[in-house]
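A.B. asks: Below is one structure. I have some questions about it.
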């Protein structure tokens, strides 16, 4: 990865000698109780006091907040803070210290971007009369709905936000889309394809809040039925315009033809499976069986209709019946939901990820194969192009899909943990512009230029995920519905000599996952250690997969 520039990271303060390791962690008073713009009634005050108590109860077993504080001070220093939402920069450290898992590793780029992405996400948190929401654009945009809300990256927001210690932020946000937006004069929930049901269930696996599922299951099921009414064809597959997939100007796309895309069909498979699993948790056998069957049918139909044997790839089926002639990154999305069969035939598709005429580029994973004659031809005269440039939205999906392939399948093709790490590193490295940390819309695959430029609306573009990839994939905390803590790192012992993921709120407990090859970094002993509520529950001389009853 030596060809990548490090300008934005060379200017960062040094964090190699973390302060306060192995010291008592004292969490500052939450700004939630002091924010000058917050008006609350008595009941809300009680709820928030309870939430703050929960946050303060999560003690770090190994790390202090010293590194986070230095990072935040640097982020604040390079930001003009043109727009302030619920948590201004001045209170960002306090809010982050109360709400996010702490992370330490020897790669300063990945560690810094981990903190930067949480800091950026916080900028999008808005308190409205309808509860908390997260925006996508930091500025007002015309195609947004009420409170400047947009649903295209809702699944990413929920996956990322499921690790926040205070649940109300995501609780309110989900409720906004299910109940508030549909009543608006110009609803936007179905303006874009969504995997919201899947994301809600995956969030449940982190917090085990069954009451939340009981409250919203039927609204989630009604939403699925609405998609069937709007986008399902007689053959039971789903169609979508590429612009409504939030992927306009793609090689295979159309704003008029009812093309059958791997995107919406994978999403609806994941959503059906999630409804089935939520219904099973709530002892609703009828709903469980109904949606299990829907998922099974979609799985079969995707293989029968969207797998191009000649191209060895999941592709768009055009309305007229032919396959689109381009391989696109959306063909990897089925693995995001573990949809493809576990076979060497389907695993061969992943060879394209490391092919420089396929999807591999200097600055990340392209959204279309680079060999295609229409690669990067749609940008002229349009503000967005999904015909090849690197989009963080798609990178997030593809990396999660690759993680699922490596973790949940026997047949990996040519994919390895090293491939995952290299692409994750490139993704982290791409967070820069003009020597400073930056998160924008989409990038030139050759030089990393953000193709929208440094315009206000593109700053801190909340259209992807990153922290969730670190927690659930790189470090490998795999959320489950039972009382098992499952860890499957996508790291070899040779990759890093040490790392620590600390203060992860999982099943109501504070979890720490640590690797210290020599024992000299954290002074807790050599090898891999896992702590739950500060108590060591697992240790091994080797870094690897483990399952622990908690």
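A.B. asks: Could you run the Debye sum over the Cα atoms of the range 232-408, one equal point scatterer each and no solvent, and tell me log10 of I(q)/I(0) at q = 0.12, 0.19 Å⁻¹, two decimals?
C.D. replies: Summing over Cα pairs of the range 232-408 leads to -0.55, -1.28.
A.B. asks: In deg cm²/dmol and to the nearest 500, what is the mean residue ellipticity at 222 nm of the chain if only DSSP H runs of at least 4 residues count, each as -39500 (n - 2.57), divided by the residue total?
C.D. replies: Values: 14 runs with 181 residues, N = 550.
After summing the helix terms and dividing by the residues of the chain, the value is -10500 deg cm²/dmol.
A.B. asks: Please give the Cα centre distance for the range 378-410 versus the range 320-370, rounded to the nearest Å.
C.D. replies: So the separation of the two Cα centres works out to 9 Å.
A.B. asks: Another question, if that's okay. When N counts the residues of the range 236-310, how does its alpha-carbon radius of gyration compare numerically with 2.2 N^0.38 Å, as a ratio?
C.D. replies: Normalised Cα radius of gyration, the range 236-310: 1.28.
A.B. asks: May I ask you to derive the relative contact order of the chain, considering only C-alpha pairs under 8 Å and at least 6 residues apart, and to give it as an integer percent? Don't jump to the answer; show the numbers that get you there.
C.D. replies: Values: 1005 pairs, mean separation 90.9, N = 550.
Averaging sequence separation for qualifying contacts and normalising by length gives 17 percent for the chain.
A.B. asks: Also, I was wondering about something else. May I ask you to sort 147, 523 by Cβ crowding, counting other Cβ atoms within 10 Å and putting the fewest first? Provide the component values of the computation, followed by the final result.
C.D. replies: Details: 147 19, 523 10.
Fewest to most other Cβ atoms nearby, the residues stand as 523, 147.
A.B. asks: Here's something else I'd like to know. Expressed in nm², what is the orientationally averaged projection area of the convex hull enclosing the Cα positions of the range 455-550?
C.D. replies: Values: hull surface 31.3 nm².
Quarter of the Cα hull surface area: 7.8 nm².
A.B. asks: Can you give me the relative contact order of the range 232-408 as a percent, contacts being Cα pairs under 8 Å and 6 or more apart? Intermediate values should be presented prior to the final figure.
C.D. replies: Details: 277 pairs, mean separation 38.3, N = 177.
About 22 percent, as a whole number.
A.B. asks: Could you tell me the convex hull volume per residue, in Å³, taken over the Cα atoms of the range 64-192? Please report the intermediate quantities before stating the final value.
C.D. replies: Numbers: hull volume 14.5 nm³, N = 129.
With only Cα atoms used, the range 64-192 gives 112 Å³ per residue.
A.B. asks: Just rank 157, 184, fewest to most, by other beta-carbon atoms within 10 angstrom. List each step's numbers first, then the result.
C.D. replies: Values: 157 27, 184 14.
Ordered by Cβ neighbours within 10 Å, fewest first: 184, 157.
A.B. asks: Give the order of 278, 247 when sorted by the count of other beta carbons within 10 angstrom, beginning with the fewest.
C.D. replies: 278, 247
A.B. asks: Would you mind pulling out the separation of the Cα centroids of the range 177-208 and the range 441-508, in Å?
C.D. replies: 22 Å
A.B. asks: At a temperature of 20 °C and a viscosity of 1.002 mPa s, determine how fast the chain diffuses translationally according to Stokes-Einstein, using the Kirkwood radius over alpha-carbon pairs as Rh; express D in µm²/s, rounded to the nearest whole number. Can you show the working numbers first?
C.D. replies: Values: Rh = 23.8 Å.
For these conditions, the coefficient is 90 µm²/s.
A.B. asks: Could you give the length gained on full extension between residue 494 and residue 411, defined as 0.36 nm per residue of separation minus the Cα-Cα distance, in nm?
C.D. replies: Details: separation 83, 0.36 × 83 = 29.88 nm, distance 2.34 nm.
Full-extension gain reported as 27.5 nm.
A.B. asks: Treating each Cα of the range 391-524 as an identical point scatterer and ignoring solvent, apply the Debye formula and state log10 I(q)/I(0) at q = 0.15, 0.17 Å⁻¹.
C.D. replies: For the range 391-524 at q = 0.15, 0.17 Å⁻¹, log10 I(q)/I(0) is -0.87, -1.04.
A.B. asks: Then there is this: If you scale each eigenvalue of the Cα gyration tensor by 5 and take the root, what three semi-axes come out for the range 113-268, rounded to whole angstrom and sorted largest first?
C.D. replies: Numbers: eigenvalues 130, 71, 49 Å².
In descending order, the three semi-axes are 26, 19, 16 Å.
A.B. asks: Here's a follow-up. What does the range 288-375 give for Rg and for Dmax, in Å, if only its C-alpha atoms count?
C.D. replies: 14.2, 46
Since every read-out is calculated from the coordinates, none of them should be taken as a lab result. On a predicted model such as this, the values are computed, not experimentally measured, just so you know. Cβ coordinates were reconstructed from backbone atoms using ideal geometry, including for glycine residues, and neighbour counts include every protein chain displayed.
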